[in-house]
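K.L.:
Starting off with a structure, shown below.
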Amino acid sequence: MLNPVDVLGDARADRYARAAEILARDPETDGIVAIVCPTATAEPEKTAQVLAKAVERFDLPLTAAFMGGEAMEAGPARGRGVFGSRSPFPRRSRTLRRP
């Protein structure tokens with residue numbers, strides 16, 4: 001993985017959406033890995049929605065890790081039908097399928 005993009009600790013869903021869009025439009029991007037952590041401004045449900053929309057819009061693999069246990073469960077729950085697998089850490093992954 002090269003050149004990770006840090007959306008910073010105060011990122012809301014709109015910043016994840018903008019970062020995904022910028023990365024997806026770059027011809028050098030082969031895929032996106034989004035790591036969403038619990039913070040005071042975290043919006044796991046909305047973030048899952050914008051990441052799911054990014055998968056629908058762009059033909060890129062996108063994997064999203066919603067770290068933080070129960071505090072972040074709303075994200076993957078909102079992404080049902082888009083998120084591939086759901087399992088508890090340490091064997092937990094949440095992968096967005098290609099459309």
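K.L.:
Among the residues of segment 26-53 satisfying the criterion of being crowded, with 19+ Cβ neighbours inside 10 Å and part of a strand (DSSP E or B), which is farthest from the chain's Cα centre (by Cα)?
P.N.:
Ile32
K.L.:
Here's something else I'd like to know. So which residues in segment 1-25 are outside any helix (DSSP H, G or I) and without any contact (Cβ under 8 Å) to a residue 12 or more places away in the chain, if there are any at all?
P.N.:
Of segment 1-25, the ones outside any helix (DSSP H, G or I) are 1-12.
Selection gives Leu2, Asn3, Pro4, Asp6, Leu8.
K.L.:
Let me ask something else. Give me the residue from segment 1-25 that is surrounded by 15 or more Cβ atoms within 10 Å (Cβ to Cβ) and small (Gly, Ala, Ser) and, out of that set, farthest from Pro61 (Cα to Cα).
P.N.:
Among those that are surrounded by 15 or more Cβ atoms within 10 Å (Cβ to Cβ) and small (Gly, Ala, Ser), it is Ala11.
K.L.:
Let me ask something else about it. Inside segment 56-81, can you point out the residues that are within 10 Å of the chain's Cα centre (by Cα) and either modelled with pLDDT of 80 or more or open to solvent by 40 Å² or more (accessible area, probe 1.4 Å) (or both)?
P.N.:
Leu62, Thr63, Ala64, Ala65, Phe66
The values are calculated or read from the model by the stated rules, or taken from the named source; none is laboratory data. Just so it is clear, the model here is predicted, and its values are computed rather than measured. Neighbour counts run over all protein chains shown; Cβ positions are idealised from the backbone, glycine included. Accessible surface areas use protein heavy atoms only, side chains included; no ligands, DNA or RNA. Shrake-Rupley method; radii C 1.70, N 1.55, O 1.52, S 1.80 Å.
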